[in-house]
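Everything on this sheet refers to the single structure shown next.
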Amino acid sequence: MKAKRDNQGTYSGRDFAFTCFGFVLFMFDVVLDIKVSVGFYQEGDYASLIVFVLIIGFSSMAIQVFSWIFFQVDRQKDDYVPVTWAEKLSVRQRAALHVIQLGMVVRYIAAIKLGYMVTFCSTTTDKASLVRFVNFVSHDLKLLSVFETSSETIPQMILMLYIFLQSNKVDYVQCVNFGGGFLTVTNSVVNYHMSLRATLTEKKQLKVRHFCPWLVYFGWNLLLLASRIVAVTLLTSVSFCYIGFNFLCVWAAFLLWAWKKNTKLIGRPKSEWLYRAMAALILYFNWFNVAEGRTLGRCIIYHSFIFVDNLTLLVVWYIFRDTHDTDGYAMHALIGVPAMYLSGVLCRGVYYWRFHPKVWMEKPNNSQEDNEKLQNLGPPSDEISLGDESVPSLLTVGDSNTVSSPAQ
């Protein structure tokens, strides 16, 4: 679901802080990628270096393509008004920036500059007109961040864990890259969720100021993602052919699902198929809502499917594993991965039961309705009306502190 410029929504200092934090994580990830690549080269691990660079190259090109498509689609809209300096660039200038892989940097700078104007420099009148534009720019940026983390960060984490399982050696930079990857992926998912709700005026926002809803949302994404990464990595350590076959089959199934849901994010047939392919890649690792409508049924189908697929990956790994090298953690993996995934599903259920914005929105409405009903009842009476007659209330018969039970 893509935001529209006519949806004003809301924007606060918290949203500006999250955008700045996202840019810091983005630059930190770039620095870590360079350090990890240099480390592979110095150690003579050229196979890992080639795979690592290929992952970065594929992801970067895919993100630049989507960023360019989003810019071009926006320019063709009737109500399009260039607001940020990035949108005011000529087609050649913008194309050159995307060719040298700076599309995301340009978007981050534009979003931060516009967010700063809305948060600190705009008057009340100006802010009302700028909020919808900053939400639009930020939403595109955070959607691209989800694309990037799913196509680059998660595969890199799988590679890091695979290297550890094969060598049984811990490298400091690789550990930082792995931990930062978890933070980056979960942060991008939470930011996208908050951005989507901010751009839709009919949606209630996630209450980050209480921290508990945000932590629960962050937690269940972390648990589900961690269990999936471990399951995929374990099978990768056994055979590249097995995991390749699994990926192609599951990815194709999710691609078919996205097509059946008739996604309309971009609007162009060829570009829409690129989006569906990326959505299928995201769904291979983590939940991603590809179409509007109620998600309960889709979530049940998706999590049931992924849970069974995780179990399949674990069983195949357990059968073909090297018993000498894996006996120390085999049972922990067989028990821990499914337990972690079920814990994530349970946390997600708790989130939708107690902390979903709809719950926060319904409670005040219910309280308001109850107050109106109490006001309409008027003062209590000692008589109960039955048609044209009146009979005394039970509380006025005998002792006013006792009421006879029907069983008596």
Based on the alpha-carbon set only, what is the convex hull volume of the range 209-326 divided per residue, in Å³? 129 Å³
Using the 2.2 N^0.38 Å rule of thumb for compact globular proteins, work out how the range 21-172 stacks up: its C-alpha Rg over that value, please. 1.26
Amide N of the range 217-260 lying under 16 Å from the label point, which is placed 7 angstrom from the Cα of ARG298 along Cα→Cβ: 253-260
Residue by residue through the range 223-237, what is 3J(HN,Hα) from phi via Karplus (6.51 cos²θ - 1.76 cosθ + 1.60, θ = phi - 60°)? Round to whole Hz and write x for glycine and proline. 5, 5, 5, 4, 5, 5, 4, 5, 4, 5, 5, 4, 5, 4, 5
Please give the length that would be gained between MET27 and GLN42 if that part of the chain were fully extended, namely 0.36 nm times their separation in residues minus their C-alpha to C-alpha distance (nm, one decimal). 3.1 nm
Exposure rank, largest accessible area first [ILE56, ILE319; 1.4 Å]: ILE319, ILE56
As a quick test, which of the pairs LYS88/LYS127; LYS127/LYS270; LYS113/LYS264 have an alpha carbon distance above 27 angstrom in this structure? LYS127/LYS270; LYS113/LYS264
Cβ-Cβ FRET estimate between LEU342 and ALA17, R0 fixed at 25 Å, reported to 0.05: 0.15
Sorted peptide list for 335-342, 130-137, criterion being average Cβ within 10 angstrom, highest first: 130-137, 335-342
Could you go through the range 333-338 in sequence order and give the Karplus-derived ³J(HN,Hα) for each residue, using 6.51 cos²θ - 1.76 cosθ + 1.60 with θ = phi - 60°, rounded to whole Hz, and x for Gly and Pro? 5, 4, 8, x, 5, x
Simple label model, 7 Å out from Cα along Cβ direction - LYS260 to MET61, nm: 3.2 nm
Of the listed peptides 154-161, 273-280, 244-251, what is their order by residue-averaged count of other C-beta atoms within 10 Å, with the highest listed first? 154-161, 273-280, 244-251
Take ARG107, ARG294, ARG14 and sort them by solvent-accessible surface of the protein heavy atoms, 1.4 Å probe, largest at the top. ARG294, ARG14, ARG107
Probe 1.4 Å, all protein chains present, accessible-area order of HIS332, HIS139, largest first: HIS332, HIS139
Is the range 265-318 best put as rounded, prolate or oblate by its Cα gyration tensor, with a ≥ b ≥ c the root eigenvalues, rounded for a/c under 1.5, and otherwise prolate when a/b is larger than b/c, oblate when not? oblate
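The values are calculated or read from the model by the stated rules, or taken from the named source; none is laboratory data. None of these values were measured; they are calculated from a predicted model. Note that we place each Cβ from the backbone using ideal geometry, even for glycine, and neighbour counts take in every protein chain shown. What goes into the accessible areas is simple: the full protein's heavy atoms, side chains included, and nothing from ligands, DNA or RNA. Shrake-Rupley method; radii C 1.70, N 1.55, O 1.52, S 1.80 Å.
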